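Notes for the one structure printed next.
The values are calculated or read from the model by the stated rules, or taken from the named source; none is laboratory data. Worth saying up front: this structure is predicted, and the values here are computed from it rather than measured. All Cβ positions, glycine included, derive from the backbone under ideal geometry; neighbour counts span all protein chains shown.
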Amino acid sequence: MKVAFISRATLYSSPGGDTKQLEETAAGLRNMGVTVDVYLTNQQIDYTQYDLLHFFNIIRPADVIAHMRRSGKPCLVSTIFVEYGAVKEEGRGGIVGTIKKLIPESTFEYIKTVARAVKNGEKIVSKEYLLWGHTKSTMYVAKHAKMLLPNSESEYRRFVAKYPVATPYHVVPNGINTKNLENHYPENADYKNAIICMGRIESRKNQLNLIRALNNTQYKLYIHGKPSPNNMAYFEQCKQEAAANIHIAGHLDEDMLYTAYSNAKVHILPSYFETTGLSSLEAAVMGCNIVITDKGDTRDYFQNDAWYCEPDDVASIKDAIDKAFNAPYSQAFKKRILDSYTWQRAAEETYKAYANVLKL
């Protein structure tokens, strides 16, 4: 079986959870004997050599439509359905927040797509998107996919509530890489009993309210991640407001990342929206207690094994961190992750979906 993975042009220049999901799923499928080639949406593809096309991010239909229409191949879509309507735009500049309040979310997504093309040079591959708009384009992708691959039942329910389609679906859970558990990570004085936040620095991840919650407290907070290109003003505001106990640094390599996880006490993602929160899963299996919000699909994964906070309420963020910091670590939660949420399982479930579509 030969499969083409196709994703956004900034998949590697601005990495996110979708980058990890794509790379790990590809690696798992290759281990199962599937040939997987990865393309950015703006690259030329010889469709004839593939049995399937697998797209990532249904909220970027401008990346998908043209490939779907040209290829003549069965297409599957990992939805990664983030609803940005819930995301606060504080720190991005007044005009963005003002526009977002005045127009529907679909119109805002359309404007973002055009702005990415103008400002960042992200080519709009599917010219149909400009004519159809965001909602019709998303519906086209969903209807013409042979199967949708949400990361949870919750994500699927949210998607069909907004885009009512009858396309078959198969849940493919996000996961962790179990090989990292085999390594021994050294003690590290910086991260020992620290609070850590791993993720792209942007308004959706809500690092600014986290900084405000922990400024000048007894905690050491380490925020790691690349700033989103469209959130540079937000990144600057985070740096400006951070007190001496807050450390904002860049992306960590894998060894240092897992060293941080294994030394820290609490990992927090106080996001306005998460389909999963991959870094939370990784941190949890390495020994961190987890603080998250329930905005999105996180309860499907974390259930009662995390502490939940309100992203708009700095007191709620601080209270959840206090409780998580003083609680014991749950080995039962670790076992549940290893049983249910690994990249091996994600690859297996993806293969089942392929086999279903190809009638193998």
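Among the residues of segment 134-161, what is the count of those that are under 24 Å from Leu278 (Cα atoms) and either assigned to a loop (DSSP other than H, G, I, E, B) or among the basic types (Lys, Arg) (or both)?
6
Which one of Ala233, Ala243 is assigned to a helix (DSSP H, G or I) and either in contact with a helix residue (DSSP H, G or I) (Cβ under 8 Å, 6 or more places away or on another chain) or surrounded by fewer than 18 Cβ atoms within 10 Å (Cβ to Cβ) (or both)?
Details: Ala243 fails: assigned to a helix (DSSP H, G or I).
Result of the check over Ala233, Ala243: Ala233.
Having 3 or more residues that are under 25 Å from Gly250 (Cα atoms) is the bar; report the strands (runs of 3 or more DSSP E) wholly within segment 13-89 that clear it. Show your work before the answer.
Working: elements: 35-40, 52-56, 75-78.
Where strands (runs of 3 or more DSSP E) fall fully within segment 13-89, none carries at least 3 residues being under 25 Å from Gly250 (Cα atoms).
Look through Lys136, Lys205, Lys220 and report the one residue that is crowded, with 22+ Cβ neighbours inside 10 Å and out of contact with any helix residue (DSSP H, G or I) (no Cβ under 7 Å at 6 or more places or on another chain).
Numbers: Lys136 fails: crowded, with 22+ Cβ neighbours inside 10 Å; Lys220 fails: crowded, with 22+ Cβ neighbours inside 10 Å.
Within the list Lys136, Lys205, Lys220, the selection yields Lys205.
Looking only at residues that are of a type in the set (Phe, Trp, Tyr) and in a loop (DSSP other than H, G, I, E, B) in segment 189-230, which one is nearest to Gly85 (Cα to Cα)?
Step one: filter segment 189-230 for residues of a type in the set (Phe, Trp, Tyr), giving 191, 219, 222.
If we keep only those that are in a loop (DSSP other than H, G, I, E, B) too, we end up with 191, 219.
Details: Tyr191: 34, Tyr219: 32 Å.
The residue in question is Tyr219.
Kindly evaluate Lys146 against the criterion of being modelled with pLDDT of 95 or more and of a type in the set (D, E, K, R).
Values: modelled with pLDDT of 95 or more: yes; of a type in the set (D, E, K, R): yes.
Judged against the criteria, Lys146 is a match.
Would you confirm, using the coordinates I've provided, whether Ala320 is more than 30 Å from Met1 (Cα to Cα) and touching a residue at least 12 places away in the same chain (Cβ under 8 Å)? Walk me through how you get there before you give the answer.
Working: more than 30 Å from Met1 (Cα to Cα): yes; touching a residue at least 12 places away in the same chain (Cβ under 8 Å): yes.
Here the answer is yes, as Ala320 does meet what is asked.
Could you go through segment 109-125 and let me know if any residue there is out of contact with any Gly (no Cβ under 7 Å at 6 or more places or on another chain), at pLDDT 70 or above, assigned to a helix (DSSP H, G or I) and within 22 Å of Lys295 (Cβ to Cβ).
yes
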